[in-house]
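This report refers to the structure that appears directly beneath it.
The values are calculated or read from the model by the stated rules, or taken from the named source; none is laboratory data. Computed from a predicted structure; not experimentally measured. For neighbour counting, all protein chains shown are included, and Cβ atoms are generated from backbone atoms with ideal geometry for every residue, glycine included. Accessible surface areas use protein heavy atoms only, side chains included; no ligands, DNA or RNA. Shrake-Rupley method; radii C 1.70, N 1.55, O 1.52, S 1.80 Å.
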Amino acid sequence: MTITSASTLPCEAIDGHAAFRHLNSIEGIAVDLRYATPDNFVGRDLYNPLDCAWLHRDAAAALEQAVAWLARQRPGYRLLILDALRPQRVQEQLWQTLQGTDLLGYIAEPVRGSIHSFGMALDLTIVDEAGQELDMGTAFDDLSERSQPALETVMLERGELTRAQCDNRHLLRNAMLLAGFYGINSEWWHFDCGDRQHVRRTYTRVL
């Protein structure tokens, strides 16, 4: 497989690399990496023994801005990180898992590369003062129309989402957009840090 990016780095070599920060260096967040558990659409742990609790330092700095904004707007609420760095080898596993299904549109083709593999994307939600996830209308990794921000108005009109669920999604989007992240039309939980093409051309891809 031909990989095109400025540089690459094995996941095992990321610790101590100046371009990356561990999630435990970011205050005010909670972490539950779902691909390090069976609680994802594949149904198995894809990460262990790899440590995937990393972000590129640029995405980590932007996340800190989102954390600060949310703390001002909703004291006691925190961002819950569900996925951060996703090594290229895991992206390839996900791509293979979805072969022959109509869900391939949810996964970046491995040669092109997921922005997660550069440490420049996040999957996340919000937890309240009690540590309970806000109701977003679907669970993480629910690959259905109800998860798609582009269809929220239609889903609301149909009664398939409630106003409270949409408001919770808007709160998450506001926190991320104001910090410089970009959402996508198909997953309420996914946000990229920076332009995808720029990231693919200039950032280090983790293998």
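For this structure, a couple of remarks:
- 5 angstrom amide H check on Met120, placed H, neighbours 5+ away: His56
- Residue of Phe41, Phe118, Phe140 that the Gaussian network model of the chain assigns the largest fluctuation, springs spanning Cα pairs under 10 Å: Phe41
- Kirkwood Rh, Cα atoms: Rg over Rh of the range 1-131: 0.98
- With every protein chain in place, the chain: carbon and sulfur % of accessible area (1.4 Å): 48 percent
- Computed magnitude of the charge dipole of the range 20-164 (debye, nearest 20; Cβ of K, R +1, Cβ of D, E -1): 360 debye
- Remark: the chain carries 45 Å² of accessible area per residue (probe radius 1.4 Å; ligands, DNA and RNA excluded).
- Of Tyr106, Tyr182, Tyr47, the one that fluctuates the most in a GNM where the chain has Cα springs shorter than 10 Å: Tyr106
- Other residues with beta-carbon under 12 Å from the beta-carbon of Leu50 carry, at +1 per Lys or Arg and -1 per Asp or Glu, a net charge of -2.
- Karplus-derived HN-Hα couplings along the range 57-66 (A = 6.51, B = -1.76, C = 1.60, θ = phi - 60°), whole Hz, x at Gly and Pro: 4, 5, 5, 5, 5, 5, 4, 4, 5, 5
- Within the chain, longest stretch free of exposed GluC sites (Glu not before Pro) [DSSP loop, at most 14 other beta carbons within 10 Å]: 28-128
- Charge-dipole axis of the range 33-101 as Lys and Arg at +1 and Asp and Glu at -1 on Cβ define it, positive-most pick from Leu55, Leu98, Val67: Val67
- Estimated vicinal HN-Hα couplings, Hz - the range 102-115 in sequence order (Karplus 6.51, -1.76, 1.60; Gly, Pro = x): 8, 9, 4, x, 7, 10, 5, 4, x, 4, 5, x, 7, 5
- Every helix of 4 or more DSSP H residues in the chain counts as -39500 (n - 2.57), and over all residues that averages to -8000 deg cm²/dmol at 222 nm.
- Summarising the strand pairing of the chain, around 70 percent of its internal DSSP beta bridges are antiparallel.
- Karplus-derived HN-Hα couplings along the range 12-21 (A = 6.51, B = -1.76, C = 1.60, θ = phi - 60°), whole Hz, x at Gly and Pro: 5, 9, 6, 4, x, 6, 5, 7, 10, 10
- Charge dipole (the chain, unit charges on Cβ, about Cα centre) - positive-most of Ala30, Phe118, Gln148: Phe118
- Within-9-Å neighbourhood charge of Ile81 [Cβ basis; K, R +1; D, E -1]: -3
- Among Arg163, Arg21, Arg34: highest mean-square fluctuation, GNM of the chain, C-alpha pairs under 10 Å: Arg163
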